[in-house]
Amino acid sequence: MKKILITNASQIVTPIGLSGKPGMGMNDLTIIEDGCVLIQDGKIVKVCKSVDMDESLLLDAQVIDATGKIVLPGLIDAHTHLVFAGTREDEFSMRMAGESYISIMEKGGGIQRSIDATRLATEKQLFDLAKMRLKNMAKMGVTTVEAKSGYGGSLEDEIKQCKVARKLNDSGPISVVSTLMAAHTIVREYKSDPEKYVKLIIEEIIPRVAREKLAEFCDVFLEKSAFNYAQAERILTAAKAHGFELKIHADEISNGKGAHLAAKLNAISAEHLLFSDHQGLELMKEHHVTAVLLPLTAFSLREPYAKAREMINKGLVVALASDFNPGSCYTYSMPMLMAAACLSMHMSIEEVITALTLNAAAAINRAHKIGSIESGKDADIAIFDCPNYAHLVYHMGINQAHTVIKKGEIIVRNGEIV
């Protein structure tokens, strides 16, 4: 019976609940000063002021003194393209010189280049690359990551990416939630016959991944440069029939009515949403679709940011994520993400914390298990070396994560992987 006691925390800061917080409710954080958290066998047992902890519960507990530090739920990165090989820094330079992301894609660059590199990589090479990234994410307080495939473009290469994601989840240090995204782009060999690729996804890739239980979600890039509305609907409908929960890359570069489709199909989340219309957002709210916003991608592409304030004011459940990928957003920096959300999307610090914890958990269908510090939930916790939670953004761009706990196990101590 393993026990950990986190005690003397300057602040314990957490949203509370078993589902995503909508709208202005994102500002409702529970803050316990001089707080403590008792963990037993990987679960949170009690959260209270340090003076109120029953000493009889503390026998044989490993003590973590959090004096001068704050305690948050482990951060959740609910949208990444974690498993890939190769980089595209030359395309970044092209964009800085004024060329558009779409123009680069039309010339054979973009996602196709990452597909080519990922196809050439072995499963072990992909695993080793992603494992290194996960360790760096953990050092910033992240305890759960969603990982999309989509750099395969064939049955075997999509399977390879999904197998890597499963192995990463099994090996730690943090949880990896697998999403099948074979519908990322029309790959080179199907450019002249996109329908043939859609058929491959529906008739071969989706059934195989479902049969081998290699992914929990299915995602589609609904965009004029990728899959149209009708194709996206067919793919996602087929995925739902095979037991997948649904996600949509929606309205990133233009308004393709992705928010509308997410609502129509009762998707768990719609992601990006830079160009979604008012009606689409209202429909998402009605159908309880979590809005996953990716400000670092807008920053990297020098595009308008998603309308976070409008979505929050409408009462949507809003989450944040990095969108880490080799093309449009080659970063998984949580400090940078927090600053961008506050300063460029006008979110409050409280909203940002909720968006990266409980609401991010909702975006991967896990708000009942993680995303808050309360009795009964998994002990996924991040301790930051700052006196209060305002410093998470005030001391902008600086990684202040000190200790990270995953399911009751210390995985980061003094900022380093254990």
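The values are calculated or read from the model by the stated rules, or taken from the named source; none is laboratory data. As the structure is a prediction and not an experimental result, all values here were calculated from the model. A quick note on method: Cβ atoms are made from the backbone with ideal geometry, for glycine too, and the neighbour counts reach across all protein chains shown.
At-a-glance table
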item: Number of positions in the stretch 347-392 that are aliphatic (A, V, I, L, M), more than 18 Å from residue 36 (Cβ to Cβ) and assigned to a loop (DSSP other than H, G, I, E, B); result: 6
item: Test for residue 326: is it more than 27 Å from residue 311 (Cβ to Cβ), crowded, with 18+ Cβ neighbours inside 10 Å and assigned by TED's automatic domain parsing to the domain that holds residue 151; result: yes
item: Residue 277, sole failed condition from (1) crowded, with 24+ Cβ neighbours inside 10 Å; (2) out of contact with any helix residue (DSSP H, G or I) (no Cβ under 6 Å at 6 or more places or on another chain); (3) of a type outside the set (Phe, Trp, Tyr); result: (1)
item: Subset of the stretch 19-38 (residues that are in contact with a Leu (Cβ under 9 Å, 6 or more places away or on another chain) and free of Cβ contacts under 8 Å to residues at least 40 places away in the same chain); result: 36, 38
item: Selection from the stretch 5-23 of residues that are crowded, with 20+ Cβ neighbours inside 10 Å and among the hydrophobic types (A, V, I, L, M, F, W, C); result: 5, 6, 9, 12, 13
item: Sole exception among (1) without any contact (Cβ under 8 Å) to a residue 60 or more places away in the chain; (2) surrounded by fewer than 16 Cβ atoms within 10 Å (Cβ to Cβ) for residue 41, by number; result: (1)
item: Options 77, 34, 52, 65: the member that is under 27 Å from the mean Cα position of the chain (by Cα) and of a type in the set (Asp, Glu); result: 77
item: Test: residue 319 is surrounded by 24 or more Cβ atoms within 10 Å (Cβ to Cβ), free of Cβ contacts under 8 Å to residues at least 60 places away in the same chain, outside any loop (DSSP other than H, G, I, E, B) and in the same structural domain as residue 144 (by TED's automatic domain parsing); result: no
item: Residue, surrounded by the fewest Cβ atoms within 10 Å (Cβ to Cβ), within the stretch 280-295, restricted to residues that are part of a loop (DSSP other than H, G, I, E, B) and within 20 Å of the chain's Cα centre (by Cα); result: 288
item: The one condition in (1) more than 29 Å from residue 185 (Cα to Cα); (2) surrounded by fewer than 20 Cβ atoms within 10 Å (Cβ to Cβ) that residue 304 fails to fulfil; result: (1)
item: Those helices (runs of 4 or more DSSP H) lying entirely in the stretch 38-127 with at least 2 residues more than 23 Å from residue 249 (Cβ to Cβ) and in the same structural domain as residue 333 (by TED's automatic domain parsing); result: 89-96
item: Leading residue by the ranking (surrounded by the most Cβ atoms within 10 Å (Cβ to Cβ)) among those in the stretch 93-126 that are without any contact (Cβ under 8 Å) to a residue 24 or more places away in the chain and of a type in the set (D, E, K, R); result: 99
item: So residue 202, is it buried (at least 22 other Cβ atoms within 10 Å of the Cβ), over 20 Å from the mean Cα position of the chain (by Cα) and assigned to a helix (DSSP H, G or I); result: no
